[in-house]
Amino acid sequence: MLDRILNSRQSSSKESEYEDCFQCRMIGGGGLVGLGSYIIYYSFQRRNIPTANKLSVFASAFIGSVVMTLGTMRLLGIHEWKNIPNKQQSKPES
């Protein structure tokens, strides 16, 4: 079984040919949205603690919103980072 997993990774040499299945996007995106919601919820719970630093509360809420945004992008199938050119492919040939 391990050989089948390793061989399937090696057979797809181009990243642009890779397509996510619906179930993979739902599990991955749902997990990220849930994690982001958890982080935001507890960052707002920390506001009520008098010794909590305001900057750390803001930073936690910001990180939670970034994680939720990544989860939403995963759910919708938006891959903006795919368009970034790979440095290894852009090497000039000698």
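None of the figures in this text is laboratory data; all of them are computed from the coordinates on show. Owing to the predicted nature of the structure, the values given are computational and were not obtained by experimental measurement. Here Cβ is always computed from backbone atoms with ideal geometry, including for glycine, and neighbour counts include all displayed protein chains.
Among what's in segment 59-72 and is buried (at least 16 other Cβ atoms within 10 Å of the Cβ) and either of a type in the set (Ser, Thr, Tyr) or touching a residue at least 40 places away in the same chain (Cβ under 8 Å) (or both), pick the residue that is nearest to TYR38 (Cα to Cα).
SER60
Would you point out the residue of segment 36-56, among those that are more than 30 Å from ARG25 (Cα to Cα) and aliphatic (A, V, I, L, M), that is surrounded by the most Cβ atoms within 10 Å (Cβ to Cβ)?
By that ranking, first place goes to ALA52.
Going through segment 35-54 one residue at a time, which ones are small (Gly, Ala, Ser) and touching a residue at least 24 places away in the same chain (Cβ under 8 Å)?
Result: GLY36, SER37.
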